[in-house]
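The structure appears right after this line, and notes come after that.
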Amino acid sequence: MSKQNSLQGVSTGMRRGGSGGGGGQERGQGGIRFGNAPSMRPAGMSLADEEAMEERVLAGSGNTDKRVRHQHDQEVFHALLRHHDQIQRELTQIPDGIRSLTTSANPEIVRLLHDHVPAMHHRLEENFGLRFWDPAFPEIFAQREKVRMVVTLVPTGVLVEETSDDPNAVTLIQAHGAVVSLFVRRGFAQAQESSPLPDNYQRVLGA
Ligand code: HEM
């Protein structure tokens with residue numbers, strides 16, 4: 001019996017995550033904590049640069065709503081990175097992109113996945129970028145009009161199909177799928193490194 005048979009999918013369509021807003025939440029159950037206190041980052045992590053840059057971009061925009069949303073989104077993906085060893089992921093390459101099933105046995109982590117993925121989907125649609133220092137991320141935002149992303153929330157996680165009609169965008173989508181798998185495998189150790197972009201990917205932004 002495949003896992004898929006027991007999944008009762010609820011397509012989210014345009015629904016966005018991250019609407020819970022404010023930062024600094026703590027969720028006691030399951031020991032998953034939100035928050036950006038330096039003490040919660042592994043020693044030697046250099047996400048501070050990333051965050052300072054994003055703060056500057058957001059401050060320049062004068063948009064408080066976006067700043068609050070970004071802070072929330074950041075707390076969610078930091079929590080996912082911190083608890084990466086409780087996440088399972090099956091990544092399948094399909095001719096025009098990827099299909100992924102990302103799950104956890106811990107309902108708190110399922111809630112984080114249910115927040116993160118629709119929130120990132122929405123950010124792609126509105127071009128609300130992040131991780132500007134890591135070329136693979138600005139590239140996917142630059143290519144967003146060529147990318148179709150169908151997100152289905154399932155009881156144990158998230159099922160995603162990300163596709164394109166453009167072969168170069170397909171290469172990028174597949175590279176991003178592999179990066180998410182690396183985040184799941186290595187957590188913060190991966191998040192502080194640049195994401196691999198294949199040699200045959202032609203950048204649409206300046207190199
Ligand atoms: C363990 C940590 C993480 C997990 C489990 C996770 C999970 C996911 C999943 C399931 C997707 C849908 C696409 C796919 O399945 O490949 C996705 C997309 C996305 N994630 Fe994450 N993510 C993590 C960390 C991060 C981090 C650290 C960032 C940025 C700082 C990020 C930003 C994005 C963005 C921008 C997208 C939409 C573009 C794309 O599909 O690549 N994620 N994430």
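Exactly one residue out of ARG131, ARG144 is open to solvent by less than 20 Å² (accessible area, probe 1.4 Å), near the ligand (Cβ under 9 Å from one of its atoms) and modelled with pLDDT of 95 or more: that is ARG131. Taking the criterion of being near the ligand (Cβ under 10 Å from one of its atoms) and modelled with pLDDT under 85, the only residue of the stretch 52-79 that qualifies is GLU54. The residues of the stretch 80-107 that are farther than 12 Å from PHE183 by Cα and near the ligand (Cβ under 9 Å from one of its atoms), listed by number, are LEU91, ILE98, ARG99, SER100, LEU101, SER104. For the stretch 143-189, filtering for residues that are among the hydrophobic types (A, V, I, L, M, F, W, C), touching a strand residue (DSSP E or B) at 6+ places or on another chain (Cβ under 6 Å), under 21 Å from GLU126 (Cα atoms) and in a helix (DSSP H, G or I) leaves 2.
Among residues of the stretch 162-190 that are closer than 12 Å to TYR201 by Cβ, those with a beta-carbon under 8 Å from a residue that is acidic (Asp, Glu) and not in a helix (DSSP H, G or I) at least six positions away or on a different chain give the pairs VAL170/ASP96; ILE173/GLU162; HIS176/GLU162.
With respect to the conditions (1) more than 10 Å from the ligand (Cβ to nearest atom); (2) out of contact with any helix residue (DSSP H, G or I) (no Cβ under 7 Å at 6 or more places or on another chain); (3) aliphatic (A, V, I, L, M), VAL180 falls short on a single one, namely (1). Per the listing ARG89, ARG99, ARG69, the residue uniquely basic (Lys, Arg) and in contact with a helix residue (DSSP H, G or I) (Cβ under 6 Å, 6 or more places away or on another chain) is ARG89. Residues in the stretch 193-207 that are surrounded by fewer than 17 Cβ atoms within 10 Å (Cβ to Cβ) and among the polar types (S, T, N, Q) were compared, and the one that is nearest to the ligand (Cβ to nearest atom) is SER194. Restricting attention to the stretch 114-127, the residues being surrounded by 19 or more Cβ atoms within 10 Å (Cβ to Cβ) and touching a helix residue (DSSP H, G or I) at 6+ places or on another chain (Cβ under 7 Å) number 3.
For ARG111, the test of being assigned to a helix (DSSP H, G or I) and within 30 Å of ARG56 (Cα to Cα) is passed.
Scanning the stretch 154-175 for residues that are buried (at least 20 other Cβ atoms within 10 Å of the Cβ), within 16 Å of the chain's Cα centre (by Cα) and under 19 Å from ASP115 (Cα atoms) yields GLY157, VAL158, LEU159, VAL160, GLU162.
The values are calculated or read from the model by the stated rules, or taken from the named source; none is laboratory data. Here the structure is a predicted model, which is why all the values come from computation and not from measurement. Note that each Cβ is placed from the backbone with ideal geometry, even for glycine, and that neighbours are counted across all protein chains shown. Protein only, heavy atoms only, side chains kept; ligands, DNA and RNA dropped before computing areas. Shrake-Rupley method; radii C 1.70, N 1.55, O 1.52, S 1.80 Å.
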